[in-house]
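Take a look at the structure below.
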Amino acid sequence: MATKKIPTLLNYTRSIVPSEGIFYAKSEKEPIPLAVGEKTVLGTIASYSNVYTRDKQKSEDVINKEMMAGGNNIQRIDVCHLPVDCDTFLLRFTLKFLGNSKAPEACNDEGFHEELLMLSDLYRKKGGYRVLAERYFANLLNGRFLWRNRYGTNRILRLHAPFDEIADTVFPIRDFAEPSIPADLMAEAAPWITGIVHAFEGEIPHFVLQADTVVTIGAGQEVYPSQEFVDIKGNKSKTLFSIKLNGEDVAGMHSQKIGNAIRTIDNWYPGATPDAPLAVDPFTVNKRKGKTVRLPERGKSDFYSYLKDVPSLAGAIEAAPDAAEIPDEAHYFMSVLIRGGVFSGESQKKQG
């Protein structure tokens, strides 16, 4: 493998842009925005260190004192529930797809820039963008973006294209882990996938879809907006994300969390199985196992290892007879460019 130094200035603008998600209570008329509430609870004292010291049990008197001291674990938390007379919520957001992976936003190495242009053009000609578009769209159909809110009945996804002549379409949300579209849904999904492909390939300036997801979870049941990570420790144990809508604070889902769900298509990493995709990243992290799965010393499967030898990757794409034969590493590489980010290499000063 003939490796090259990565330019000291290299970045790509992301090609999938989610909006913030907004939670509503579903009603017969207009949906009602859900507000974040607050309550004070007595938390359970159940950590390992409450009973053990150096793997040995503390004295029973000390343990009982901690367990009975209720005031030690009073928590003020944010919560979000459906109204007591409503059993269904609606989550609404938009997704914008762009063609920014075709070329770097900035690159200070002309030769490297040309290699990246050639790579994306070969990928386009072989139909690679359609492979990725189908995978991203599959994560709409399986409701991955709902996260903890996916557990319910009558789960429906309604799609609307505000700037394109595509008929509004209703899909059932199904539970499937592998990022591929069920065969019986492909015909209805085709116009949406084509819109995404055309945006990725630059045939249209952008493709925008609005997703309205309806899930029945039970009257008064809890809904799970995104949680805020507050840097400064305050008096509240849990703070939920809210956004302004007509001057009111409304429960919301972070755009980053929606984006993470949509780009969970990487089941090409070393040791992967088809039903265990991870979110695309330069090093791809399995957070549930606390493990980084793409590293230079793990088969040079990380993004930067491929970036150092773009011509070889381009050659592999060119040799593929069709999209189905494009190597997995090429799909992964292009999906990172779609994700976007700063991919600059080390400066000569740092290397020295």
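Quick look at the values:
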read-out: Failed criterion for Lys291 (all others in (1) under 26 Å from Ile196 (Cβ atoms); (2) out of contact with any Gly (no Cβ under 9 Å at 6 or more places or on another chain) hold); value: (1)
read-out: Helices (runs of 4 or more DSSP H) wholly inside segment 251-352 containing at least 1 residues that are surrounded by 15 or more Cβ atoms within 10 Å (Cβ to Cβ) and hydrophobic (A, V, I, L, M, F, W, C); value: 255-262, 303-307, 310-319, 328-339
read-out: Some residue of segment 2-12 being under 23 Å from the mean Cα position of the chain (by Cα) and either assigned to a loop (DSSP other than H, G, I, E, B) or surrounded by fewer than 19 Cβ atoms within 10 Å (Cβ to Cβ) (or both); value: yes
read-out: Out of Lys102, Lys65, Lys58, sole residue that is over 30 Å from Asp249 (Cα atoms) and assigned by TED's automatic domain parsing to the domain that holds Val214; value: Lys102
read-out: Ala316 vs. criteria among the hydrophobic types (A, V, I, L, M, F, W, C) and within 18 Å of Ile265 (Cα to Cα); value: no
read-out: Segment 32-55 - residue that is free of Cβ contacts under 8 Å to residues at least 60 places away in the same chain and in a loop (DSSP other than H, G, I, E, B) and, of those, nearest to Ala219 (Cα to Cα); value: Thr44
read-out: Selection from segment 245-263 of residues that are closer than 17 Å to Gly37 by Cβ and modelled with pLDDT under 95; value: Leu245, Glu248, Asp249
read-out: Some residue of segment 219-231 being more than 20 Å from the chain's Cα centre (by Cα), assigned to a loop (DSSP other than H, G, I, E, B), closer than 22 Å to Arg144 by Cβ and not basic (Lys, Arg); value: yes
read-out: Every residue from segment 59-105 that is within 30 Å of Leu157 (Cα to Cα), small (Gly, Ala, Ser) and in a loop (DSSP other than H, G, I, E, B); value: Gly99
read-out: Filter result for the condition that a residue is more than 30 Å from Gly37 (Cβ to Cβ), surrounded by 13 or more Cβ atoms within 10 Å (Cβ to Cβ), free of Cβ contacts under 8 Å to residues at least 40 places away in the same chain and of a type in the set (Lys, Arg), over Lys58, Lys96; value: Lys58
read-out: Any hit, segment 13-26, residues being farther than 24 Å from Gln256 by Cβ, touching a helix residue (DSSP H, G or I) at 6+ places or on another chain (Cβ under 7 Å) and surrounded by 12 or more Cβ atoms within 10 Å (Cβ to Cβ); value: no
read-out: Residue within segment 194-211 that is crowded, with 19+ Cβ neighbours inside 10 Å, under 17 Å from Arg155 (Cβ atoms), touching a residue at least 40 places away in the same chain (Cβ under 8 Å) and not assigned by TED's automatic domain parsing to the domain that holds Gln75 present; value: yes
read-out: Residue match in segment 303-313 (condition: among the small types (Gly, Ala, Ser), under 28 Å from Ile193 (Cα atoms) and at pLDDT 95 or above); value: no
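Conditions tested, residue by residue: (1) among the hydroxyl-bearing types (Ser, Thr, Tyr); (2) in contact (Cβ under 8 Å) with a residue 60 or more places away in the chain; (3) under 26 Å from Gly341 (Cβ atoms).
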{"position": "Lys102", "(1), (2), (3)": "no, yes, yes"}
{"position": "Leu117", "(1), (2), (3)": "no, no, yes"}
{"position": "Arg124", "(1), (2), (3)": "no, yes, yes"}
{"position": "Leu146", "(1), (2), (3)": "no, yes, yes"}
{"position": "Pro182", "(1), (2), (3)": "no, no, no"}
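The values are calculated or read from the model by the stated rules, or taken from the named source; none is laboratory data. Since this is a predicted model, take the numbers as computed values, not measurements. Cβ atoms come from the backbone with ideal geometry, glycine included; neighbour counts cover every protein chain shown.
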